[in-house]
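Beneath this line is the structure, given in structure tokens, with notes to follow.
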Amino acid sequence: MTVLYGVTLSVMAVAVLLTLLRLLRGPSALDRILALDVLVTMAIAGIATSMAARDDTTAVPVLVVLTLLAFIGSVTAAHLLEKREGMR
């Protein structure tokens, strides 16, 4: 089972690197906002995978807070982009 967790974390690390590339090279603000949202989601998934590997649930409050921040950030970004498009 340890190999499975290692493979999972390796695949997620590659996904994080590709997301960082999109964050740096993204031509629009929407691409960068989406990349930040994916990075937070990948952090949540990494913490959850680490918790499963160690059979430890002490980081559940951290997951809840990160999830709420990601949701609020996504909604706020969508709202601001919608307002910005309306001003044009």
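The values are calculated or read from the model by the stated rules, or taken from the named source; none is laboratory data. Just so you know, these numbers come straight off a predicted model, no measurement behind them. Note: ideal-geometry Cβ built from the backbone for every residue, glycine included; neighbour counts use all protein chains shown. Surface areas here come from the heavy atoms of the whole protein model, side chains and all, with no ligands, DNA or RNA. Shrake-Rupley method; radii C 1.70, N 1.55, O 1.52, S 1.80 Å.
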For residues that are surrounded by 12 or more Cβ atoms within 10 Å (Cβ to Cβ) and of a type in the set (Ser, Thr, Tyr), tally how many sit in the range 63-88. 2
Among (1) closer than 30 Å to residue 85 by Cβ; (2) exposed (fewer than 12 other Cβ atoms within 10 Å of the Cβ), there is one condition residue 32 misses while meeting the rest; what is its number? (2)
Let me confirm something: among 23, 9, 69, which residue is in contact with a Lys or Arg (Cβ under 7 Å, 6 or more places away or on another chain) and touching a residue at least 12 places away in the same chain (Cβ under 8 Å)? 23
Restrict the check to the range 45-62 and report whether at least one residue is basic (Lys, Arg), under 24 Å from residue 79 (Cβ atoms) and at pLDDT 90 or above. no
Selection from the range 43-62 of residues that are open to solvent by 70 Å² or more (accessible area, probe 1.4 Å), over 24 Å from residue 3 (Cβ atoms) and not hydroxyl-bearing (Ser, Thr, Tyr): 61, 62
For residue 64, which of the numbered conditions (1) in contact with a helix residue (DSSP H, G or I) (Cβ under 7 Å, 6 or more places away or on another chain); (2) of a type in the set (A, V, I, L, M); (3) farther than 16 Å from residue 33 by Cα fails to hold? (1)
Kindly provide the set of residues from the range 1-22 that are open to solvent by less than 40 Å² (accessible area, probe 1.4 Å) and within 25 Å of residue 84 (Cα to Cα), ordered by number. 19
Heads up, the helices (runs of 4 or more DSSP H) in the chain (entirely inside) with at least 3 residues that are of a type in the set (D, E, K, R) are 29-54, 60-87
For a quick check of your reading of the model, give me the residue pairs whose first member lies in the range 29-48 and is closer than 14 Å to residue 63 by Cα, whose second is not in a helix (DSSP H, G or I), with beta-carbon atoms closer than 9 Å and at least 6 apart or on different chains. 47/59; 48/59
